[in-house]
Every structure is written in C-alpha cells, then in structure tokens.
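First, the structure itself, so that you have it in front of you.
No lab work stands behind these numbers, since they all come straight from the coordinates. Just so it is clear, the model here is predicted, and its values are computed rather than measured. Here the Cβ is made from the backbone with ideal geometry for all residues, glycine too, and neighbour counts use every protein chain on show.
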Amino acid sequence: MKKQPEYNLQVMVCNYLKYQHQNVLFLSDTVANLRMTFPQLARNKKIQKKDFHCPDVLILEPNKKYHGLFIELKIETPFKKTGELKKSNHLQGQQKTINELNSKGYFACFSWSFEQTKDIIDNYLNDTL
C-alpha cells in the first residue's frame, strides 16, 4: 500500500476539527487523493479557475479580522532556510493562491505539521492571529 503522509496529516487535522471545534464548518480537499480518469480530469479542468490551487483545508468561520481560514498542508516546509519559497512551479502556484486569498480578506497559509496546524486553527478561532 502506498504511503500518503500528506493525506494522513489531513485526516488528523479534520478529526481534530470534528472533535475539538464541533460547531465549525470546514471542507477538506480529499479529492486530491482520488484517481480520476482522463475524461474526468479534462472535465474538471474546464470548470475550474485556471491557476487556482485550492488549499487542503477550508474553515468557513469568520473571526474579527478574516472571512475564513484556508490551509495548504505539506509534510515538510515549503521554504528554504532563508525564508524563500523552494523552487517548484506547484509551490509557486499554491503561494500565488495563498496571496490572492489573503488579499481578499481570508487568512491563508502553508502548514507542515499537525502541531503547527492545530496552533494556527486554535489561534484563528480564538482570534489571536
């Protein structure tokens, strides 16, 4: 069986939300884990906004500062030690989406561990970001 550490992290985060923040509405991009046929991929590509990389977890709960929280999960940091984003077209596309969401009044970010993600969620919901 193929290891899927990013998917496993996503499951942990969703379970945390379900049990610790029961009244919060959220979506999880588990569709990324599905295998689609070529016709399904083509159809999906036609209806999606070009260059939009939907984050993995979408928390549909506003706080005093933001309209919602969107988290792009990774299993390791997407940044170099200098703080610069690692060279990858995929990561750059995701960062572009994060920047666009932030400019529209959402809080969007990368996160690469369960503890980090839990802290982001708790701080957001407690309005301390």
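Starting from the 7 Å offset along Cα-to-Cβ, what nm value, one decimal, do you get for the label separation of N8 and D127?
Distance between the two pseudo-spin positions: 3.8 nm.
Compute the acute angle (0 to 90°) between the alpha-carbon long axis of helix 114-125 and the principal axis of greatest extent of the alpha-carbon atoms of the chain; round to the nearest 10°.
Here the helix axis deviates by roughly 60 degrees.
Taking N as the number of residues in the range 5-125, what value does Rg over Cα atoms divided by 2.2 N^0.38 Å take? Mind showing how you got there, number by number?
Working: Rg = 14.8 Å, N = 121, 2.2 N^0.38 = 13.6 Å.
In units of the 2.2 N^0.38 Å rule of thumb, it is 1.08.
Tell me, what is the FRET efficiency for Y19 and E115 to the nearest 0.05, using R0 = 22 angstrom and their Cβ-Cβ distance as r?
Working: r = 16 Å, r/R0 = 0.73.
Plugging the Cβ-Cβ distance into 1/(1 + (r/R0)^6) gives 0.85.
Take K50 and T82, extend 7 Å from each Cα along the Cα→Cβ direction, and tell me the distance between the two endpoints in nm.
Here the answer is 3.1 nm between the modelled labels.
Test of understanding: in a Gaussian network model of the chain with alpha carbons linked when under 10 Å, which of E100, E84, E61 would top the mean-square fluctuation ranking?
Fluctuation is largest for E84.
Could you work out the relative contact order of the range 5-125? I mean the mean sequence separation of Cα pairs under 8 Å and 6+ apart, divided by the number of residues, in percent. The partial results should precede the final answer.
On the way: 142 pairs, mean separation 33.7, N = 121.
Reported relative contact order: 28 percent.
When the chain is modelled as a GNM with alpha-carbon springs shorter than 10 Å, which of G93, G105, G83 fluctuates the most?
G83
Which listed residue (S111, C54, F38) has the Cα farthest towards the positive end of the charge dipole for the chain, taking +1 on Lys and Arg C-beta and -1 on Asp and Glu C-beta about the Cα centre?
F38
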